[in-house]
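Nothing in this text is a laboratory measurement; each read-out follows from the coordinates by a stated rule. Just so it is clear, the structure is predicted and the values come from calculations on it, not from any experiment. Here the Cβ is made from the backbone with ideal geometry for all residues, glycine too, and neighbour counts use every protein chain on show.
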Amino acid sequence: MAVTESAPPAALDLGPDTLLEMYRAMVLGRLLDERIIILNRQGRAPFAISGQGHEATQVGVGYALRRDYDWAVPYYRDLSLVLVMGMSPLDQLLAALGKAGDPNSGGRQMPAHYSSRAHNIVTGGSPVATQILHAVGVGLAFRYRGEDRVVVTACGEGGTSEGDWHEGLNWAAVHRLPVIFLVENNGFAISVPQARQMAVAHVTDRAAGYGLPGVCVDGGDVLAVHQVAVEAVARARRGEGPTLIEAHCVRLQSHSSDDDQRRYRAPDDLRDLRSHDPLDRFRVDLEAAGILSPERAAAVRADCLAEIDRAQQIADEAPAPDPATALHHVHQEG
Amino acid sequence: MVEAVRTALAEEMRRDDRIIVMGEDVGLKGGVFGATQGLHQEFGDLRVIDSPLAEASIVGVAIGAALAGLRPVAEIQFQDFIPPAMDQILSEAAKIRYRSNNDWSCPLVIRAPCGGGVHVHGALYHSQSLEALFAHVPGLKVVLPSTPGDAKGLLTAALRDPDPVCFFEHKALYRAFKGEVPAGEHVVPIGRARVARPGRDLVCFTYGATVHESLRAAERLGLEGIEVEVVDLRTVRPLDRECIVETARRIGKVLVAHEANLAGGVGAEVAAIVAEECFESLDGPVMRLGGPEIPAIPFAESLAEVYYLGADRIEAGLRRLAAY
């Protein structure tokens, strides 16, 4: 049950194709996130909440899962994770604009409440950390049916103060369920720093209290996260139970479009943030390994932007929900 | 009635292997009231799960299992201990189908003993009647059986329901009331009231243990030729509007009686329906009887008696109404 400090050596042996795919996934997540913020600033998307700075963690974990087989119970910053699991930029732009075709909720929930039954992404609400218990129940169902699926659930370090988080870790550990608890620790719960959230240095310090392994990893290093996630997934699939992963991320944007982090974060801290941008870090590593060139990086960016532009055009033209449908689906109909 | 609950669980678990049961002490012990006795022996560890002592997780984990295709039954040992799970019930279970635009559903039964009375000795935290808190929430169904037959039939319906159902069993009924339980498959649809006693002069809408107190009061008035119809609502969300309106119009004098305290209670909703839909048929004010506005039932019998809505108080209420 030891807490592993930090990063295993970077696993560039995934092969250049996969590494480039992962890089593209991170770029797509970032650019889509930026686009939704732009739509918010233009007054077209009423609300935006950002996952910028968390892309390496989410893509690293997402690539450890078997797509359309394993499950995720995400939280609101998991844009890149749900893209890796099969949702599209269009799906999220339809949500940002509150359109009828939004597969997450049909325009019922705020954006970033990710959901897709087709891709095993469980619907979530806004209360923090309630979803942790759902992941435990999903893992319980896998166990009951004798399946070797794995479920990953995520929240921020603030979410770990909620009772549901503690109850979830306890239950999963007692029953050795195939659940991966991912904590995307960006140091702030809206404005409250980690030191006001917990008296321990690492969320993973708590793992021993529940009897499950806790692994702390540099969440800005996509390959380090990936390696840790692969190991956790393998343990879970073998029936050896849950793992707590704490990935240290940077939160590049304010909490949400209704927040301004300049009011509570030191100017030096904010200036320093960009030097930890996980996209730059991965690009530099890939260039150093001869897998990515500046030209290729520019092409990836252009390709992602084109995909987002096309999606935005479709989302712009998509119809709003019919008011008559507001009363539907409280219970099963028909 | 506790046997009826156990029978419904066992029969449905045999019929549908997606049904699992979880809660505190539901395994080897078979529940503190015996509602799950024998299930662990028959269905094993994977289907009858002794949970950690944490209510939010009992409901939250059950929700996750429901999302992944099972049909869990979450037992909360006493309704008084549901509050830690309220977030899971109100914010999650009740909203899952709606918030996902019908992509996901949450077929879940939350069972809990409720209610008190002079002989229950449950005091403030083992005897509350909190059904109105749940009846307020769209997305939930809220069922309170009053007889063993209905307990079996309604629980069977709840276990087959595609959406979350709160199933509250009055603990005074567990052993006190014997009644016929139809053998084999027996389903009582959720959302339909039942005429427990026909009458023509007054109607008393009620549910749960108060049905029996109302019947006793009705019998006494019957001896004097005042015929009271007693309607067992059985489900407090959705209410059987059609039955309420039809009965109130036909009879014209309406009393609503329940053990829970009055303000914001189920009786208020029934009274509002009657006031809105039956105004021209009424021959008196719509009256309500319930617990006094104190937090819950006190322990000492002398205090508990003040709270309890027994046949005497109901009889007095019916007489006041009859006088109009």
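A few points about this structure:
- The charge dipole of chain A, taken about the Cα centre with unit charges on the Cβ atoms of Lys, Arg (+1) and Asp, Glu (-1), comes to about 400 debye, rounded to the nearest 20.
- C-alpha center-to-center spacing [region B:149-192, region A:83-100] in angstrom: 43 Å
- Counting other Cβ atoms within 10 Å as a rough exposure proxy, the listed residues A:His255, A:His119, A:His54 run A:His119, A:His255, A:His54 from fewest neighbours to most.
- By the beta-carbon count within 10 Å of each Cβ, the least crowded to most crowded order of B:His212, A:His134, fewest first, is B:His212, A:His134.
- Leading residue at positive end of dipole, the protein assembly as shown (Cβ point charges), from A:Ala207, A:Gly60, B:Ile19: B:Ile19
- Quotient of C-alpha Rg and 2.2 N^0.38 Å, computed over chain A: 0.96
- Counting all C-alpha pairs of chain B, share separated by more than 36 Å (%): 17 percent
- Summed side-chain charge close to A:Pro178 - residues other than A:Pro178 whose Cβ falls under 14 Å, Lys, Arg +1, Asp, Glu -1: +3
- On Cα atoms only, tilt of B:148-160 relative to the major axis of chain B in degrees: 50 degrees
- Region A:224-249 and region A:263-321 have Cα centres spaced 26 Å apart.
- More than 26 Å apart - percent of Cα-Cα pairs taken over region B:2-176: 20 percent
- Mean projection area, nm², convex hull over Cα of region A:88-206: 8.4 nm²
- Residue with peak Gaussian network fluctuation, chain A [Cα springs, cutoff 10 Å], from A:Thr153, A:Thr18, A:Thr130: A:Thr18
- Helix-only mean residue ellipticity at 222 nm for the protein assembly as shown, each DSSP H run of n ≥ 4 adding -39500 (n - 2.57), per residue, nearest 500: -11500 deg cm²/dmol
- Summary of the geometry: region A:124-188 and region B:216-266, compared by the centres of their Cα atoms, lie 46 Å apart.
- Of the chymotrypsin sites (Phe, Trp or Tyr not before Pro) found in region B:95-178, not one falls in a DSSP loop while having at most 11 other beta-carbon atoms within 10 Å.
- Comparing B:Gly38, B:Gly122, B:Gly184 in a Gaussian network model of chain B (Cα springs below 10 Å), the most mobile by mean-square fluctuation is B:Gly184.
- Once backbone amide H atoms are built at 1.01 Å from N, B:Gly122 has B:Gly117 as its partners under 5 Å, excluding neighbours fewer than 5 places away on the same chain.
- Neighbouring partner chain Cβ atoms per residue of A:71-78, average, 10 Å criterion: 1
- Cα-centre dipole for the protein assembly as shown with unit charges at Cβ (Lys and Arg positive, Asp and Glu negative), debye to 20: 600 debye
- Computed Kirkwood radius, in angstrom, where 1/r is averaged over Cα pairs of the protein assembly as shown: 26.8 Å
- Taking every alpha-carbon pair under 8 Å whose residues sit at least 6 apart, region A:12-317 reaches a relative contact order of 22 percent.
- Sorted by Cβ neighbour density within 10 Å, fewest at the top, the residues A:Ile180, B:Ile244: B:Ile244, A:Ile180
- Cα-centre dipole for region B:2-176 with unit charges at Cβ (Lys and Arg positive, Asp and Glu negative), debye to 20: 280 debye
- When the pairs B:Lys29/B:Lys171; B:Lys95/B:Lys141; B:Lys29/B:Lys178; B:Lys171/B:Lys253 are compared against a 21 Å limit on Cα-Cα distance, B:Lys29/B:Lys178; B:Lys171/B:Lys253 fall above it.
- Relative to the 2.2 N^0.38 Å rule of thumb, region B:194-322 has a C-alpha radius of gyration ratio of 1.00.
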